[in-house]
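The values are calculated or read from the model by the stated rules, or taken from the named source; none is laboratory data. Not measured: the values here are computed from a predicted model. So basically every Cβ, Gly included, is an ideal-geometry build from the backbone, and we count neighbours across all protein chains shown.
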Amino acid sequence: MQTRKVIAILAMAALVLGQSAALMAEEKPVAKTEPAKTMPAKAPVVKPATATQYANTVAVCACGMVFKPTADTKYLEYDGKQYACCTEYCHQMVMKDPAGAAKMAEDNMAKVMKPMEMKTK
């Protein structure tokens, strides 16, 4: 009998705490104030997005390595496209033959993006 009373009291306390938290979280109206007229408001500057700004971006290097680009990642630009290089060494190698490296990067990307074939016995 005592455990039922304790459970009932705890349930009521949880209900009261939940309701009070909901009431405290409600937004209260804020008095509107006039903006300062000394300086005009400037529009925010929007920078164009680059491949290094996406959080979930992965890249495939010409050598076939799949990696996440960082701010230090070097890129090869060929035929209007950018190809990420996994290391400084790879960047030096691809700069010797940009056309070949771009083709290798495209081929490796196609291999990575190709769905895996399931083998049946």
Top-ranked residue in region 40-69 [being closer than 26 Å to ALA99 by Cβ and either of a type in the set (Ser, Thr, Tyr) or in a strand (DSSP E or B) (or both); ranked as modelled with the lowest pLDDT]: THR52
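Residue by residue, here is whether (1) at pLDDT below 85; (2) of a type in the set (Lys, Arg); (3) buried (at least 16 other Cβ atoms within 10 Å of the Cβ); (4) part of a strand (DSSP E or B) holds:
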{"residue": "TYR75", "(1), (2), (3), (4)": "no, no, yes, yes"}
{"residue": "CYS90", "(1), (2), (3), (4)": "no, no, yes, no"}
{"residue": "MET95", "(1), (2), (3), (4)": "no, no, no, no"}
{"residue": "ALA101", "(1), (2), (3), (4)": "no, no, yes, no"}
{"residue": "ALA105", "(1), (2), (3), (4)": "no, no, yes, no"}
{"residue": "ASN108", "(1), (2), (3), (4)": "no, no, yes, no"}
{"residue": "VAL112", "(1), (2), (3), (4)": "yes, no, no, no"}
{"residue": "PRO115", "(1), (2), (3), (4)": "yes, no, no, no"}
{"residue": "THR120", "(1), (2), (3), (4)": "yes, no, no, no"}
Limited to region 77-88, what total is found for residues that are in a loop (DSSP other than H, G, I, E, B) and buried (at least 19 other Cβ atoms within 10 Å of the Cβ)? 1
